[in-house]
1. Would you check which residues across the range 104-135 are within 15 Å of D90 (Cβ to Cβ) and touching a Leu at 6+ places or on another chain (Cβ under 9 Å) and list them?
2. Scanning for something more than 29 Å from K40 (Cα to Cα), among the basic types (K, R) and surrounded by fewer than 20 Cβ atoms within 10 Å (Cβ to Cβ), does the range 92-102 turn up at least one residue?
3. Taking the range 14-46 on its own, how many of its residues are open to solvent by 70 Å² or more (accessible area, probe 1.4 Å) and more than 18 Å from D81 (Cβ to Cβ)?
4. Looking at the range 138-165 only, could you name the residues that are out of contact with any Gly (no Cβ under 8 Å at 6 or more places or on another chain) and closer than 18 Å to W34 by Cα?
5. Residues of the range 138-154 being open to solvent by 50 Å² or more (accessible area, probe 1.4 Å) and either under 17 Å from S124 (Cβ atoms) or more than 13 Å from the chain's Cα centre (by Cα) (or both), which ones?
Amino acid sequence: MKKKTKIAFLDRDGVLNLSSINNGYIGRINDFKWMPGAKKLIKLLKEKNFKIVIVTNQSGIARGYFSIKDVYKLHRYLKDDLIKFGAKIDKIYFCPYHKDGIIKKYKKKSSLRKPGIGMFLKVSKVWNIDRKKSFMIGDQKTDMVFAKRAKIKGYLFDEKNLHKFVKKR
């Protein structure tokens with residue numbers, strides 16, 4: 001039996017990212033601004049042996065606001081920036097699809113899109129998830145539905161400092 005893994009599932013925009021420009025469609029490095037306490041929280045969770053997994057809907061790709069390459073560059077920047085801080089993201093999953101997209105390749109419904117649990121299922125192929133100790137932090141109802149469907153705890157983040165938010169729980 002594979003060892004069980006504690007995973008902190010984190011939404012990106014509105015949780016790790018403070019910026020809400022472009023109606024929240026953030027796909028480029030210069031549009032991203034770290035949420036206060038986000039880096040500190042990730043470092044703390046890593047010290048407590050959690051895997052850090054970002055699960056994020058990125059329909060801005062399907063809508064033509066930015067390219068998939070832009071998102072990959074942004075995610076590389078996040079990982080590199082955290083390494084400088086002494087922290088680490090283990091995996092980033094994102095859904096580029098949306099049924100109302102204008103980019104043909106990405107115009108479709110997908111179970112990867114939260115509240116679907118396609119991204120959770122991808123993570124479960126990598127690690128044997130300890131559902132009792134794992135959790136999701138998101139800023140939308142869809143994130144809480146994702147957590148419920150994945151049978152993990154869900155925390156709705158609606159504050160201004162991620163580290164302080166988690167410390168209260």
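1. M119, K122, listed by residue number.
2. Yes.
3. 4
4. D158, E159, K160
5. K141, V145, K148, R149, K151, K153
The values are calculated or read from the model by the stated rules, or taken from the named source; none is laboratory data. Bear in mind that the values here come from a model prediction, so they are computed numbers and not experimental data. Virtual Cβ from ideal backbone geometry, glycine too; neighbours counted across all protein chains shown. For accessibility, only protein heavy atoms count, side chains too; no ligands or nucleic acids. Shrake-Rupley method; radii C 1.70, N 1.55, O 1.52, S 1.80 Å.
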